[in-house]
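Only one structure is covered here, and it is reproduced in the block below.
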Amino acid sequence: MNSPDFEPYGFFPETTPADWEPHLHWMQPRAMDPVSGNLYFPMQSYVIRTRHHNILVDGCVGNDKHRPHRPTWHMRTDSTYLDALAAAGLAPEDIDFVMCTHLHPDHVGWNTRLLDGCWIPTFPNAKYLFTRKEFDYWKAMNEETPLGHIADSVLPIEEAGRAVFVTNDHGIDDTVWLESTPGHTPDHCALHLSSGNAEMVMSGDLMHSPIQCLHPEWAARPDYDVEVARNTRRSFLDRYCETDVTVCTAHFPLPSTGHIVRDGEAFRFRYDEVNW
């Protein structure tokens, strides 16, 4: 999914047109629609294949989910997601672990699928890894005010006995481990991979758009703790700037992978396959 559904001043509520003006020439058309002025945020999962396991990272939007606030997410019935998994040579039964960087609706949707009126795990053989802090926060929130995505895409995993609760430094195996990156949600985590001399980190939603590399201080509307999120983002960018570590982002325009490079006092995202 890649549609320009996100109005920039709504998503980055502290910004003004004057803040965006110097960046339109490079943000458009790939990261920002020149007609509507809205931001492009792909909705996607990653699959990691290690010598031990098949790991799916972030469950995207899902089918049959009641999401009226986002029309392109609402009550989807298409086969695009599972077809893409099949094109990668995997069936749902082949996934060993599902790891969500956090528990927002666009990162948990395919955790479950609807069968005979019931929500069941889409990946029946997988262990679904949730950090205890993140899970407990959203479960308590749902008890106060029912949240559709928790009810249809998170709690059914616990009820099915497929949930495994971990800490934010958990190692899935000797090549994949969690890296604590809080702020966007209470216990948001990145996922770090190492294979031979190659390293990669999946950043989740600690940043949503390449504009936040130049402006890590720009807070996103969904951020749980704005100041913590800012500090996490700056720390992450500093840590991986000018290194060989490939950064796989959740919502940067496709292709969503690249490297962090220095730009004065800030940073830029250098795409692996596209010149910006």
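FYI, it's all coordinate maths here, none of it is from the lab. Since this is a predicted model, take the numbers as computed values, not measurements. Every residue, glycine as well, gets a Cβ built from its backbone with ideal geometry; the counts of neighbours run over all protein chains shown.
Worth a mention:
- Relative to the current alpha-carbon distance between Phe165 and Asp94, full extension at 0.36 nm per residue lengthens the span by 23.4 nm.
- Rounded to 5, percent antiparallel among DSSP beta bridges of the chain: 65 percent
- Given +1 at the Cβ of Lys and Arg, -1 at the Cβ of Asp and Glu and no other charges, the dipole of the chain around its Cα centre is 240 debye to the nearest 20.
- Taking Cβ atoms as reference points and 13 Å as the exclusive limit, the residues near Thr243 contribute a net charge of -1, counting Lys and Arg as +1 and Asp and Glu as -1.
- Comparing mean-square fluctuations of His104, His188, His25 from a GNM of the chain with C-alpha springs under 10 Å, the top value falls on His25.
- Relative to the 2.2 N^0.38 Å rule of thumb, the chain has a C-alpha radius of gyration ratio of 0.97.
- Value at 222 nm in deg cm²/dmol, rounded to 500, when DSSP H runs of n ≥ 4 in the chain each add -39,500 (n - 2.57): -5500 deg cm²/dmol
- The range 125-276: antiparallel DSSP beta bridges as a percent of all, rounded to 5: 70 percent
- Summing Cβ point charges (Lys, Arg +1; Asp, Glu -1) relative to the Cα centre of the range 46-172 gives a dipole of roughly 200 debye.
- Among Pro124, Pro146, Pro186, the residue with the largest mean-square fluctuation in a Gaussian network model of the chain, with springs joining Cα atoms closer than 10 Å, is Pro146.
- ³J(HN,Hα), Karplus 6.51/-1.76/1.60, whole Hz, each residue of the range 166-182, x for Gly, Pro: 10, 8, 7, 10, 5, x, 6, 8, 6, 10, 9, 8, 7, 9, 5, 9, x
- Relative to the dominant Cα principal axis of the chain, helix 132-144 is inclined by about 80°.
- By the count of other C-beta atoms within 10 Å, a proxy for reagent exposure, Ile95, Ile157 are ordered fewest to most as Ile95, Ile157.
- Under 5 Å, built H, 5+ apart or other chain: amide partners of Ile172: Trp177, Leu178
- Phi angles across the range 88-93 convert, under the Karplus curve 6.51 cos²θ - 1.76 cosθ + 1.60 with θ = phi - 60°, into 3J(HN,Hα) values of 7, x, 10, 9, x, 5 Hz, Gly and Pro given as x.
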